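A short worksheet on the structure shown next.
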C-alpha cells in the first residue's frame with residue numbers, strides 16, 4: 001500500500017495515511033492492511049458510489065495497529081477532517097475517517113459568528129471542547145474561577161444550553177453536522 005496522491009486526500013488525510021494507521025491506497029482504492037477491513041471499506045465505497053437515495057452516512061469501524069479503532073463513513077458533503085476522495089466510473093465518493101485520538105476543533109471566529117460569543121467566551125468554549133475541566137480552563141486562561149463561571153453562564157445563555165455536556169454536543173454538531 002502507498003499513501004494517497006495529494007490530489008486524492010486533504011493534508012489531514014495524507015498525514016493519517018502516512019502515520020502507519022493501517023490505511024493506504026492500493027491500485028487506486030482505499031485499503032487496509034487486514035483483508036477483512038479492506039472488504040468492509042470497499043463495500044462502503046460501492047454503496048456510496050451506487051446511484052439512488054439512502055447511501056450517505058454509512059459507518060464502518062477501521063481497526064488500527066495501536067489505539068482505538070477509527071470510524072470511516074461516506075458522506076456526499078465536504079468539510080470533514082480526514083477526507084479521502086476516490087473516483088470510480090464517474091462517481092465521486094468522499095470517505096471520511098473519524099480518529100478518536102484527534103481532538104475536535106473549530107475556529108474561535110466561527111463560534112463568535114454562530115453564537116455571538118466574545119473572544120474570551122470562545123476561548124473558554126474551546127478549552128471545554130478539548131475536554132479540559134473548568135479548573136484547568138481557569139489556569140490556562142489565567143482567569144479567576146468566578147470570572148470563568150460568569151463567562152460560562154453567558155455562553156450557556158447565548159447558545160441556549162444549560163450544561164457543559166449540552167454545550168459540547170452543540171459544538172460537535174457545528175463541527176460535524
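Each value in this text was obtained by applying a stated rule to the coordinates, not by laboratory testing. If you're wondering where the values come from, they're calculated on a predicted model, not measured in any experiment. Cβ placement follows ideal geometry from the backbone for every residue including glycine, while neighbour counts extend to all protein chains displayed.
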Remind me, relative contact order of the range 108-175 in percent, using alpha carbon pairs under 8 angstrom and six or more residues apart? 29
What FRET efficiency, computed as 1/(1 + (r/R0)^6) with R0 = 45 Å and r the Cβ-Cβ distance, is obtained for residue 166 and residue 26, rounded to the nearest 0.05? 0.55
What distance in nm lies between label points placed 7 Å from Cα along the C-beta direction at residue 39 and residue 110? 3.7
Show me 10-18, 121-129 ranked by packing, highest mean number of other Cβ atoms within 10 Å first. 121-129, 10-18
Between residue 147 and residue 135, with labels modelled 7 Å along Cα→Cβ, what's the label distance in nm to one decimal, could you check? 2.0
